[in-house]
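In what follows, a single structure is set out as structure tokens and then discussed.
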There are 2 protein chains.
Amino acid sequence: MNAEIITIGDEILIGQIIDTNSAYIAKALNKIGVSIHQITSIEDDWDHILDTLKDAQQRADIVIITGGLGPTKDDITKKCLCEFFDDELVKDEGVLAHVEELFRKYIDTPISDLNRMQALVPSKAEVLTNKFGTAPGMWLKKDDTVFVSMPGVPYEMKGLMEVEVIPRIIERFKRPVILHKTVLTYGMGESAIAEKIEDWEDALPPHIRLAYLPNLGKVRLRLSTKGSDLAAMEQEINDQIASLKNIIGEIIRGIEEEDPIEVQIGHLLKKKNASLATAESFTGGRLASLFTEYPGSSAFFKGSVVAYATSAKLNILGVPKELIEEYSVVSNQVACEMAKRVKALYGTDYAIATTGNAGPEKGDSDADVGTVFIAIATPETVYAKEYSFGNHREKVVGKAVNKSLELILDEIYGLK
Amino acid sequence: MNAEIITIGDEILIGQIIDTNSAYIAKALNKIGVSIHQITSIEDDWDHILDTLKDAQQRADIVIITGGLGPTKDDITKKCLCEFFDDELVKDEGVLAHVEELFRKYIDTPISDLNRMQALVPSKAEVLTNKFGTAPGMWLKKDDTVFVSMPGVPYEMKGLMEVEVIPRIIERFKRPVILHKTVLTYGMGESAIAEKIEDWEDALPPHIRLAYLPNLGKVRLRLSTKGSDLAAMEQEINDQIASLKNIIGEIIRGIEEEDPIEVQIGHLLKKKNASLATAESFTGGRLASLFTEYPGSSAFFKGSVVAYATSAKLNILGVPKELIEEYSVVSNQVACEMAKRVKALYGTDYAIATTGNAGPEKGDSDADVGTVFIAIATPETVYAKEYSFGNHREKVVGKAVNKSLELILDEIYGLK
């Protein structure tokens with residue numbers, strides 16, 4: 001079963017915003033067996049919208065459209081849908097009542113005619129209630145293709161997907177099962193892996209696809225298949241992974257869970273009733289941001305000292321001045337001290353500390369650009385490792401964040 | 001002049017990664033007068049790639065392709081390009097030497113035949129040197145359309161765009177000027193603004209486009225035009241903005257610079273030779289991450305205490321226990337104290353502090369979900385403001401980050 005995603009809005013085409021909606025929608029649809037054939041981003045332009053709708057209809061069973069549903073004149077999606085479906089706008093009393101309630105409860109400015117016009121929908125549309133905003137979602141059908149239109153505001157779109165769109169697709173479409181399993185490897189480049197597993201790869205049955213996903217120090221190998229018998233598919237993929245382990249077992253770290261690694265770390269810490277803090281120099285709070293992104297993270301994550309300046313390492317973390325003078329601020333010793341101190345400050349069981357030089361120029365130390373120390377403090381011990389992450393700022397920070405997560409996960413798993 | 005972007009890779013279609021490349025490319029091209037007509041994301045699928053190349057050629061002067069250039073079998077872009085251009089792969093000695101050098105210098109594993117195959121390029125391609133990776137960029141032409149193919153790894157793509165692609169486009173194409181100016185407003189909803197400025201909007205000449213960009217507490221009004229005489233275009237847009245100020249001057253905060261607000265704050269602080277620290281509760285290090293994203297931020301940003309747990313507010317920031325007991329951890333008093341303390345800890349001129357309840361459940365206080373206090377400490381004073389940012393975690397954190405940046409910018413500008 002094939003879907004396409006169409007995002008409408010000039011702001012994407014001029015690069016003013018990054019399209020995060022499509023990844024969310026793709027993931028949510030994949031989970032229920034719907035493959036995404038194409039994602040297309042276009043401007044708020046009448047002809048281009050109509051052409052794109054027509055093209056997508058040729059190829060897809062479901063077309064998910066986001067954007068262009070605001071109350072202002074630059075938003076024309078609803079009118080385009082009327083043209084495409086040979087339909088007209090009619091007032092939906094349910095939407096009107098909802099818009100009026102939103103204004104009464106949450107919005108300072110008085111409701112206006114423009115706001116009330118959000119209640120106009122194509123007469124052929126099934127209205128999808130948007131709990132978080134004034135623009136309703138719409139479900140329409142042309143020949144054998146379903147078109148779903150939603151606002152582009154991410155949390156409104158997500159609410160609609162969860163509560164209105166996904167349940168309807170599950171109920172109304174017979175879907176295959178899509179199964180992805182991603183094998184996590186560390187320590188070998190993608191081409192070196194490819195050579196090692198060439199025979200295995202060539203022998204894969206054609207309904208199993210293999211993809212290599214290299215990313216800042218790790219390579220993920222994704223196996224994908226589609227079918228109707230989940231148990232048999234699981235069995236087949238697991239057998240393939242077992243053979244793979246015979247070839248490159250030493251670099252396989254496990255199977256990637258649905259959850260991102262920072263969430264896995266949280267789950268494991270909560271199970272152990274253990275807690276974590278971070279002391280971050282050049283990673284600048286990125287580790288803390290990752291851990292606090294999810295509800296409930298306060299149960300294991302206690303906080304972070306972002307010690308970007310050397311003075312902060314001295315005054316807040318209390319790293320001894322002599323240590324910095326003797327070993328420099330980018331050193332194994334200072335990283336360990338940062339981890340120990342932040343663990344004591346926050347009274348946690350574990351801590352991560354980062355210090356390094358992300359470039360583009362040398363900072364408070366003589367360390368080469370790209371030199372990084374990551375320290376891990378555990379209930380029993382503290383240690384640091386040195387890395388050289390190249391000469392590109394974004395890459396150095398990204399690799400250090402990945403490596404920090406990998407090191408702490410290994411610790412908690414008891415792999416170290 | 002029209003461009004299209006094609007991103008190739010299953011990982012985008014299954015939602016495993018967010019496509020950040022397209023926004024970067026779109027912005028970079030817009031800056032030199034190239035409009036993006038469409039962005040298309042497709043799988044590593046032979047027929048689909050060829051169809052998409054054909055379609056894009058009909059509409060665009062330049063087609064920018066990313067992805068599918070890895071050394072492994074799932075990557076087929078180079079072979080598709082050969083088919084599309086009726087060409088064959090030949091070895092490029094320059095690329096080979098570069099790949100060999102990269103392996104000697106930076107990569108642990110020995111170079112393999114697969115790596116050497118990165119030096120194979122279509123014979124008709126002009127090779128673009130990829131300083132940061134083994135897959136070269138390629139510049140090809142079919143009839144009147146230029147096709148540029150680059151790897152999908154973001155920092156490799158960015159390096160190629162900056163050094164190879166943009167300079168060639170500037171040199172080889174006559175381009176119009178594209179001018180966007182974005183007026184920042186705070187405190188009024190998009191539909192209320194639309195009603196107020198309706199007459200002005202209706203009177204805009206057809207070559208000026210207006211877009212409303214509402215986002216968590218602010219509405220940006222973007223005026224766009226295209227032409228050849230930049231000075232005249234600037235004048236015309238500025239005149240329109242002047243008329244707009246006569247209508248809604250009280251909610252206009254300024255014209256959005258090219259730079260994001262956190263960079264503007266950095267510039268202003270550096271000019272004043274002043275410094276900043278943050279104390280973050282539920283924003284969890286997001287403010288620190290934003291400030292430290294840019295090279296040179298250590299000149300003004302000294303660090304952050306992420307005090308996610310109440311104990312961290314007590315022990316690290318030193319907020320008095322009695323204050324928390326009397327007013328609760330989500331209060332004006334505690335926010336001010338956090339700002340004062342973190343400013344003293346880091347020895348900075350300014351500080352921002354956040355405390356609040358982002359939900360979904362109540363935390364260490366009885367404050368309603370969505371209740372937020374943001375405190376600003378300046379060389380002279382400290383104050384906090386209370387906000388109610390709704391019941392959606394992501395939205396509460398996002399609005400608080402935006403509002404914090406707005407408050408500190410106003411302080412530094414001397415608007416407060």
Here the residues of region B:103-118 whose accessible area is at least 10 Å² smaller with all protein chains than in the chain alone (probe 1.4 Å) are B:Y106, B:T109, B:S112, B:L114, B:N115
In region B:328-384, the GluC sites (Glu not before Pro) that sit in a DSSP loop and have at most 16 other Cβ atoms within 10 Å of their own Cβ are B:E361, B:E380
With a Förster distance of 25 angstrom and the Cβ-Cβ distance between A:D410 and A:A344, calculated FRET efficiency to the nearest 0.05 equals 0.65
Rounded to the nearest 5, the percent of antiparallel DSSP beta bridges in chain B equals 60
About its Cα centre, chain B carries a charge dipole, from +1 on Lys and Arg Cβ atoms and -1 on Asp and Glu Cβ atoms, whose size in debye to the nearest 20 is 1260
Averaged over the residues of A:204-211, the number of partner chain Cβ atoms within 10 Å of each residue's own Cβ comes to 2
Computed for region B:307-390: size of charge dipole around the Cα centre, +1 on C-beta of each Lys and Arg, -1 on C-beta of each Asp and Glu, debye to nearest 20, value 280
Heavy-atom accessible area of B:Y383, protein chains in place, probe 1.4 angstrom, given in Å² to nearest 10, is 50
Residue-normalised value, i.e. accessible area per residue, for the protein assembly as shown at 1.4 Å probe, in Å², stands at 41
Partner lysines whose C-alpha sits under 20 Å from that of A:K124, ignoring same-chain residues fewer than 8 away, are A:K54, A:K78, A:K79, A:K91, A:K141, A:K142
In short, region B:293-313 residues buried by 20 Å² or more of accessible area relative to the isolated chain (1.4 Å probe) are B:E293, B:P295, B:S298, B:K302, B:S304, B:V306, B:Y308, B:A309
The percentage of the accessible area of chain B (probe 1.4 Å, all protein chains present) made up of carbon and sulfur atoms, to the nearest whole number, is 48
The correct pairing of chain B residue and whole-Å distance, for the Cβ nearest the axis that maps B onto A, is B:G285, 2
In cubic angstrom per residue, the convex hull of region A:29-115 built on its Cα atoms measures 151
Burial-style ranking of A:34-41, A:306-313, average other-beta-carbon count within 10 Å with highest first, yields A:306-313, A:34-41
dims of the protein assembly as shown, Cα set, principal axes, largest to smallest, nearest Å -> 68, 67, 58
So the FRET efficiency between A:K105 and B:K270, C-beta based with R0 = 51 Å and rounded to 0.05, is 0.75
Within region B:174-281, DSSP-loop trypsin sites (Lys or Arg not before Pro) with at most 16 other C-beta atoms within 10 Å are B:K174
Hits in region B:72-110: amide N under 20 Å from the 7 Å Cα→Cβ extension of B:K54, namely B:76-88
The helix B:332-346 Cα axis meets the longest alpha-carbon principal axis of chain B at an angle in degrees, between 0 and 90 and rounded to 10, of 60
Restricted to the protein assembly as shown, the DSSP antiparallel beta bridge percent, nearest 5, is 65
Over region B:190-241, the quotient of the Cα radius of gyration and 2.2 N^0.38 Å is 1.23
The A/B contact buries a total accessible area, at probe radius 1.4 Å and rounded to the nearest 100 Å², of 7500
Along the dipole axis of the protein assembly as shown (charges at Cβ: +1 for Lys and Arg, -1 for Asp and Glu; origin at the Cα centre), the most positive-end residue among A:L29, B:N246, B:F301 is B:F301
Label points for A:V90 built 7 Å along Cα→Cβ; distances to same position in the other copies, nm, shortest first, come to 6.6
Counting other chain Cβ atoms within 10 Å of each Cβ in B:220-227 and taking the mean gives 1
Farthest towards the positive end of the dipole of the protein assembly as shown, among B:L184, B:T72, B:A288 and with Cβ unit charges of +1 on Lys and Arg and -1 on Asp and Glu, lies the Cα of B:A288
With T = 20 °C, eta = 1.002 mPa s and Kirkwood Rh from C-alpha pairs, the Stokes-Einstein D of chain B in µm²/s is about 86
Rounded to whole angstrom, the alpha-carbon centroid of region B:183-241 lies from that of region A:189-261 at a distance of 51
The alpha-carbon center of region B:4-44 and that of region A:136-155 are separated, in whole Å, by 23
Karplus ³J(HN,Hα) for region B:380-393 (6.51 cos²θ - 1.76 cosθ + 1.60, θ = phi - 60°; Hz, whole; x = Gly/Pro) runs 9, 8, 9, 8, 10, 10, 9, 9, 10, 10, x, 10, 10, 3
Quick calc of log₁₀ I(q)/I(0), region B:73-207, Debye, one scatterer on every Cα, no solvent, q values 0.09, 0.17 1/Å, result -0.46, -0.94
With a Förster distance of 22 angstrom and the Cβ-Cβ distance between B:V90 and B:R168, calculated FRET efficiency to the nearest 0.05 equals 0.55
For region A:26-72, the dipole about the Cα centre with charges only on Cβ (Lys and Arg +1, Asp and Glu -1), to the nearest 20 debye, works out at 420
In degrees rounded to 10, the 0-90 angle between helix A:93-106 Cα long axis and the longest Cα principal axis of chain A is 40
In degrees rounded to 10, the 0-90 angle between helix B:261-272 Cα long axis and the longest Cα principal axis of chain B is 70
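The values are calculated or read from the model by the stated rules, or taken from the named source; none is laboratory data. Predicted, not measured: the structure shown is a model, and the values here were computed from it. No Cβ is skipped: glycine too gets one built from the backbone with ideal geometry, and neighbour counts run over all protein chains shown. For the accessible areas, the whole protein counts, side chains as well, though only heavy atoms, and no ligand, DNA or RNA atoms are used. Shrake-Rupley method; radii C 1.70, N 1.55, O 1.52, S 1.80 Å.
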